[in-house]
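Worksheet: the structure to be examined is printed underneath.
The values are calculated or read from the model by the stated rules, or taken from the named source; none is laboratory data. None of the values given here were measured: they were computed from a predicted structure. Heads up, the Cβs are rebuilt from the backbone with ideal geometry, glycines too, and the neighbour counts pull from every protein chain shown. With ligands, DNA and RNA removed, areas are computed over all heavy atoms of the protein, side chains included. Shrake-Rupley method; radii C 1.70, N 1.55, O 1.52, S 1.80 Å.
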Amino acid sequence: MGALEDLFSSFPSFRGPVSFSFFIAIFTGTLKAHRLIGKNDEAPYHWEAFPRLNGFYNGIRSLVSYKDWIPEQQLPPGTKFKIHDGPPFNPQVVNPFPKFTSDNYLKEHHAVQICYLDEDEKHPAPDIYAYPGIPANMAAPFWGDYETLEIAPNRCYERFGRFGPYGYSYSREEGGLGISGHSTHAGAEKVQAMVDKVDYRKVEWGKAQKRCFEKNKKRFNGKNAASGRVYNKRKLPRSAFVLRTWTGYEYSDIQLLTMRAMINELSLQSGGEYDVHLLVHVKDNGLPIWASKEVYNRILRENVPEEFWGIATLWSERQLETYYPGPFLKQDNVANFAGTDIYGVYRAAHFALQWFSQEHQEYDFIWNWEMDLRYVGHYYEFLNGASNWAAKQPRKFMWERNSRFWIPEYHGPWRNFSALVAKETTEGGETPVWGPAQFRAGKYEALPPPKDTKPPTTFEKDNYEWGVGEAADLITFDPMFDPSRSGWVFRDDVTGYDTSVAAPPRRAAIVTVERLSRRLLNTMHEETWRMHHTMFPEMWPPSVAFHHGYKALYAPHPVYFDRNWSLDVLDKTFNKPVTPADSPFGRGEHNMLGSTFYYNSGFSGALWRRWLGATENGEGGLKSEEDGTDRMCLRPLLHHPIKHEAVE
Ligand SMILES: *[C@@H]1O[C@H](CO)[C@@H](O)[C@H](O)[C@H]1NC(C)=O
Ligand SMILES: *[C@@H]1O[C@H](CO)[C@@H](O)[C@H](O)[C@H]1NC(C)=O
């Protein structure tokens, strides 16, 4: 959550002497600002010596087909490319779903009923568009890849195709947002001709989602699945996609477009596989939102845009103090670096999610999502791809793979990387994790792990079979590392375990963006209410999964860097820190400033705003796009953090 980053950045001591530059870098999102101030009297970061990559900024008049594309990392700097008069391809509908009407699909599944934005069924869930090509000389991602996560590798997205269907390019009088006035337009008329101008002032997302689910109820697992009838068709799990917001949050126009995209692509287009929810933190503890419907509704109306009222749930820290009375004794805390209260959202963001999940046991999975993420691409394709990939992974060496960054250009394909991790673990004399973690609980009782996570055989006898086909209980988007071997400042914020024995073994993943299964959430809930255990939010779900033998995976999604890192330096820096202090999750985290995904990535925001058409550090913007190769077109990409976004 955004608040979490704000907390990090307000801790000067945690980064030592360069913290101020770091603070600026987060708030401006620019590497330049970080650079000017960061180097007052200090040596530049080692990675600043690598040359900049510039292919990201090549626009739609430079597109080449995927098979002709050569990543910038493989080219000499400044390699020339052909510039067309307009985009050389036509935009195409993005449809990442199985062919719902095909005989093959219908043989195994129930029919999918089409969902609409409106009750009169005049506006079906809109399509989005992408170009079937890639900007010439665009860089390849350094971590992760597309094919592995089942994301189409051969297309790119620009503003009009991505956001046009949600109101980006038509006027407020017509029910859009009309914010494309300052954008270049080459080829945009082709998208605009295909877009149905929906009057979004009239859309009620809560009702639209509900109608969609009701129509498609038959497709899903459910408490009320008809009994006594023979169904030989597969039932699908359902997921909640939970956006963590708070009172006082300002919804920018781009945020509105982003939220419409989430609901349309995850819920309506999929025939109800997901429900999108807003989980709204009411910051004023004095408000009795649980006692009065009137108070609840007033706070909702004052703090959430009207179109989303129907998907919002309010909570407050005061409410959760009652829900989880503890006691969480101070003497049972190893180290409270934040210095804040245990019920504060900084240290217990998961309490609200656990409560939400108890209230919504109908969901098999819950995605925890932050407000300052932006995704270029189709949401369903991304989440479904990560989920499918995770289900296919074996448990053998899972935690060891989870702790490393996969650099395809350096390690080779995923299976080669997996083999390498197995080799390194064995040769390094490490004992690989197998089943629930064992540790001494001391004078307090430990919650025993569930029966169904016991390994079916020994580590040696397992031929990469255990776990294959099993849905993951936890999916994260950054590695799950051992905090005790890192310099991460919150590594010891562990509460409720016996402090007279060694702290329990733990895992952590930075940025609390993750998918959690119902059974993992139920265990987190029980650990909290019954055992009075908790940890810092980025450590809690991975550690509970670790203790209880749940299946947890770091999904290696594509992450880019703004510079042409040499690959062996990249591998050494991120995968082989010499001491815990050098770990990228600690003092070494400046290494992430030039990446597109981490809690402090400056490049992420800069790239996102350039994609929207803004000027960053005196580069980009309308004139430069017009004089150059027009608007940017990015391959699917998860940006974090986006601290501000301007369209003009
Ligand atoms: C990137 O680095 C590689 C070597 O690691 C080099 O061959 C290539 O020319 C460089 N490209 C750019 C654009 O810097
Ligand atoms: C991946 O491993 C296979 C053998 O399992 C090998 O033939 C291949 O060259 C490797 N690829 C890379 C890029 O290292």
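Output needed: percent of Cα pairs per 10 Å distance bin for region 308-405, bins running from 0 to the one holding the longest distance.
Cα pair-distance distribution for region 308-405, in percent: 10, 28, 34, 25, 3.
Enumerate lysine pairs in region 146-264 that are 8 or more residues apart or on different chains, then count those whose Cα atoms are under 30 Å apart.
Count of close lysine pairs: 28.
Under a straight-distance cross-link criterion of Cα-Cα below 21 Å, which lysines are reachable from Lys283, leaving out those fewer than 8 residues away in the same chain?
Within reach: Lys293, Lys643.
Counting DSSP beta bridges in the chain, what percent are antiparallel, to the nearest 5?
55
Sorted by accessible area (1.4 Å probe), largest first, how do Lys122, Lys67 line up? Walk me through the intermediate numbers first.
On the way: Lys122 145, Lys67 170 Å².
Listed by decreasing accessible area, they come as Lys67, Lys122.
Given a 1.4 Å probe and the protein chains all in place, what does the accessible area of Glu321 round to, in Å² to the nearest 10?
So the heavy atoms of Glu321 present about 70 Å² to solvent.
Give the span of region 42-145's Cα atoms along each principal axis, as three whole-Å numbers ordered largest to smallest.
Rounded to whole Å, the extents work out to 61, 39, 30 Å.
For region 388-554, what is the number of Lys pairs with C-alpha distance below 18 angstrom, counting only pairs 8 or more positions apart or on separate chains? Before the final figure, lay out each step's value.
Working: Lys392/Lys551; Lys396/Lys423; Lys396/Lys454; Lys396/Lys461; Lys396/Lys551; Lys423/Lys461; Lys451/Lys551; Lys454/Lys551.
Taking the Cα cut-off of 18 Å, the pair count is 8.
When the solvent-accessible surface of protein heavy atoms is calculated with a 1.4 angstrom probe, in what order do Lys215, Lys454, Lys210, Lys190 fall, highest first?
Ranked list, largest accessible area first: Lys454, Lys210, Lys190, Lys215.
Can you tell me the relative contact order of the chain? Whole percent, Cα pairs under 8 Å, sequence separation 6 or more.
This gives 20 percent for the chain.
What percentages, rounded to whole numbers, describe P(r) for region 92-231 computed over all alpha carbon pairs with 5 Å bin width beginning at zero?
Pair shares across the bins are 2, 8, 13, 15, 15, 15, 14, 9, 6, 2, 1, 0, 0.
What length, rounded to one decimal in nm, is gained on full extension from Lys643 through to Ala49, with 0.36 nm per residue of separation minus their alpha-carbon distance?
Working: separation 594, 0.36 × 594 = 213.84 nm, distance 2.65 nm.
That pair, Lys643 and Ala49, stretches by 211.2 nm at full extension.
Can you tell me how much longer the chain between His185 and Lys82 gets when fully stretched, taken as 0.36 nm per residue apart minus their C-alpha distance, in nm with one decimal?
That pair, His185 and Lys82, stretches by 35.1 nm at full extension.
What are the semi-axes of the equivalent ellipsoid of region 504-597, taken as the square roots of 5 times the eigenvalues of the Cα gyration tensor, listed largest first and rounded to whole Å?
Ellipsoid half-lengths, sorted descending, are 31, 15, 11 Å.
So how many Å³ per residue does the convex hull of the Cα atoms of the chain work out to? It would help to have the intermediate numbers written out before the result.
Numbers: hull volume 109.7 nm³, N = 648.
In the chain, the Cα convex hull volume per residue is 169 Å³.
Along Cα→Cβ, 7 Å out, is where each label goes; now give me the distance between the ones at Lys572 and Arg440 in nm to one decimal.
With each label point 7 Å from Cα toward Cβ, the separation is 3.9 nm.
Once label points are set 7 Å from the Cα along Cα→Cβ at both Tyr66 and Glu214, what is their separation, rounded to one decimal in nm?
Roughly 4.0 nm, to one decimal.
To the nearest whole percent, what portion of all C-alpha pairs in region 388-554 is separated by more than 28 angstrom?
Roughly 19 percent, once rounded to a whole number.
Using 1/(1 + (r/R0)^6) with R0 = 30 angstrom and r between the beta carbons of Asn564 and Glu430, what's the FRET efficiency to the nearest 0.05? Display every interim value, and only then the final one.
Working: r = 32 Å, r/R0 = 1.08.
The pair Asn564/Glu430 has a calculated efficiency of 0.40.
Give me the base-10 log of I(q)/I(0) for region 364-435 at each q in 0.16, 0.19, 0.26 Å⁻¹, Debye formula, one uniform scatterer per Cα, rounded to two decimals.
One equal scatterer on each Cα of region 364-435 leads to -0.77, -0.96, -1.22.
If each of Ala291 and Phe459 carries a label point 7 Å out from its Cα toward its Cβ, how far apart are those two points in nm?
5.5
Taking only the Cα atoms of region 245-377, how large is their convex hull per residue, in Å³?
So the per-residue hull volume is 148 Å³.
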